[in-house]
1. Kindly indicate whether Val103 is over 30 Å from Lys290 (Cβ atoms), in contact with a strand residue (DSSP E or B) (Cβ under 8 Å, 6 or more places away or on another chain) and open to solvent by 10 Å² or more (accessible area, probe 1.4 Å).
2. Residues to consider are Thr574, Thr652; find the one that is polar (S, T, N, Q), without any contact (Cβ under 8 Å) to a residue 24 or more places away in the chain and open to solvent by 20 Å² or more (accessible area, probe 1.4 Å).
3. Are any residues in the stretch 254-278 in contact with a helix residue (DSSP H, G or I) (Cβ under 7 Å, 6 or more places away or on another chain) and either within 20 Å of Val228 (Cβ to Cβ) or not in a helix (DSSP H, G or I) (or both), and if so, which ones?
4. Could you figure out which of (1) open to solvent by less than 50 Å² (accessible area, probe 1.4 Å); (2) part of a loop (DSSP other than H, G, I, E, B); (3) within 18 Å of Asp599 (Cβ to Cβ) isn't true of Arg639?
5. Sort out which residues of the stretch 74-91 are assigned to a loop (DSSP other than H, G, I, E, B) and either among the small types (Gly, Ala, Ser) or buried (at least 16 other Cβ atoms within 10 Å of the Cβ) (or both), and write them in order of number.
6. Just for the stretch 274-312: of the residues that are in contact with a Leu (Cβ under 9 Å, 6 or more places away or on another chain) and of a type in the set (Lys, Arg), which one is farthest from Ala208 (Cα to Cα)?
7. Across the stretch 297-324, what is the number of residues that are assigned to a strand (DSSP E or B) and surrounded by 23 or more Cβ atoms within 10 Å (Cβ to Cβ)?
8. What number of residues within the stretch 230-244 satisfy the criterion of being in contact with a helix residue (DSSP H, G or I) (Cβ under 8 Å, 6 or more places away or on another chain), surrounded by fewer than 17 Cβ atoms within 10 Å (Cβ to Cβ) and in a helix (DSSP H, G or I)?
Amino acid sequence: MNELDNAVALDFETASKCDLPEAGLGRYLVDPTTRPTCLTFRLPGMAVTDLWEFGKPFPSQIMRAIERGAHFWAHNAPFDFHIWNEVLSAFVPDLPRVRIEQVRCSAARARYNGLPGSLEGACDALGLPIRKDTEGKRVMLQLAAHPEWTPQTHPQEYARKYSYAITDTDAMIGLIGATVPLPPREQAFFEMDMRINARGFGVDVEAARAMEELKTLAQAQLDYQMTVLTRGGVLAVTEVAKIKEFAGNFDQELDDASRETLKGMTAREDLPEDLRQVLLLRLDASRAPKKSAAILRAHVGGRLQHSTVYHGALSGRSTARGAGGAQTLNYARPRREMDDVECAAMIAAIKRKDVEFLSSPARGPLLAALADAQRSLHRATWPGHVLVDADLSGIEARMAPWLSDDEEKLTDFENGIDSYKKSAMTIYPGVEYEHVTKAQRQIGKVADLALGFGGGDGAFTSMAANYGVHLPPEQVSEIVFNWRAGRPAFERWWSALEYAVLLALDPMQHGRPVDVPIGRGHCAKASFVKEGPALRMVLPSGRAISYHNARLHLEPGASVPTAVYDKPEGYVETLDRKILSNNMTQGLARDHFWEIMLDVDRVEAIVHHIYDQVVLEVPAERAELRLQQLIERMRIVPRWAPGLPLDAAGYTAPIWRKD
């Protein structure tokens, strides 16, 4: 049966005074100027795509198809779904509501197939004869910003847009036919993601507004101090070019103004004091919070909606999108522990604009204090509810040794032994467990996180910088050597993955799968199989990660080929141990976590998630019970990963925090 035999394939074009990328989908949907301008569609039995113009009678055959449960196909379907239910319904009487269970998304399907999520990018990657109309897109974007324009006032532009929209729908249908469908479990994940995004995450709008006012005050103070320090040479902390010129006056070269560069320079003892103070001002300015402005741009009724993308990353993880640019998957860690009391105190001080409290030695400078409090702008907003927040403890640090069959590391986790201390013992031979220093443990942590996916000196150095660790190159090389020497199971795992890929891509393999034993005691397997243009890495969870246009590549002068593939981002990447082990580890961690969320979603309202962390908003009287149940569920080992040592932790509170 053809997938489109019981489906409506469609594409809305809309117009609004609201800027969709700037404000996010939630705000766009409720803006009074937002309206559909046309709908292109194809139903079973139709040879060509048809078009409905706004203001004309709505096609009854589409409504009948939706009423009988036909699948609702669109590219970036959550957008079209909400336009249908929340915008079109205001203009079309008796419009049937589309259920989430009917929605099918060709963009989600493209990403699952290892392709770019954009229609144009996916069609180009597949070499489809029907391509997205890029010139028509330019006209469409122009019309999208002018809801007051009509086919009567701008006939040429509308004619061009109609042609563009029809081509888009044709291209989407071609894309559907050229890709494999989401497995049923992934479709369930996609539907759950739509529910979570529509529900949104509560925000404290009053605190966000006050934070923006305080940020403006703090930046003005920094600009004044910068002007005084440089005697008018630099008038604002944002004038990076002039700051570089000022540094040149002291024969100092400032390559960039990143935080790491500024930290390194200000720590130098030989740096002239006037320049140090200027750079410290710039460093202070770099701490300015960004979430508050995004919340004010995008919130609807005190909730931030539509902030994540299903399967945005190749591993299957979500990525951030829209929501006013809030980037809800990345919140800076506060400089110190902030419990319930401290979070509440910080937010209260922000609301009353208590500069003295926020600038005190324990909390200041002001911008840094505001940045520390950004996470706490999120809170439970439903009456009588609180947040329940829990996460899988070090899931990737546990998954990687399970995949590589590193029994020593797995046993350490089961016995409650600090794995970072054990890694430090490997790196520093002769140091006993109880004598590992805090600094040495930090090195062990960086090594586990940076080197577990086959990374070398560069990977360690980059990761170390994120943790404030800076070591000479010769010491880094020694650490990498000692860590690898102490983890032979990882080396075997990486090599097996690379070899399996080379075999699977060999033309003589004729598409036969190549199995790799993985897991504790090799209790599971991963399979690599070439299917059409894609190499599939089939995980023990049952899901496949796809590498589009994977192939063998022989460099000039080389005697052994390497495996490469086309990344969704549009460039060629080597399919080596780093990519394979990272995708396998993150992919399986993601699969386990999303299975947990699917169970939870049937019982309570999930309002946000970050990789391995889930946030619920539940009635206060059952919050502690739900927290314990959630932690217990997170500790259940998936059937496909026997022997995987799992743990979880969490808290309940009215305000979100870093636990």
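The values are calculated or read from the model by the stated rules, or taken from the named source; none is laboratory data. Please read these numbers as outputs of a predicted model, since none were measured by experiment. Reconstructed Cβ throughout: ideal geometry from the backbone, glycine too, with neighbour counts over all protein chains shown. In case anyone asks, the SASA skips ligands and DNA or RNA and just uses the protein heavy atoms, side chains included. Shrake-Rupley method; radii C 1.70, N 1.55, O 1.52, S 1.80 Å.
1. No; evaluated as a whole, the condition is false for this residue.
2. Values: Thr652 fails: without any contact (Cβ under 8 Å) to a residue 24 or more places away in the chain.
Going through Thr574, Thr652 in turn, just one is polar (S, T, N, Q), without any contact (Cβ under 8 Å) to a residue 24 or more places away in the chain and open to solvent by 20 Å² or more (accessible area, probe 1.4 Å): Thr574.
3. Matches in the stretch 254-278: Leu254, Asp255, Ala257, Leu262, Thr266, Leu271, Asp274, Leu275, Arg276, Gln277, Val278.
4. Status for Arg639: all satisfied but (1).
5. Selection gives His75, Asn76.
6. Here the answer is Arg282.
7. Selection size over the stretch 297-324: 1.
8. 1
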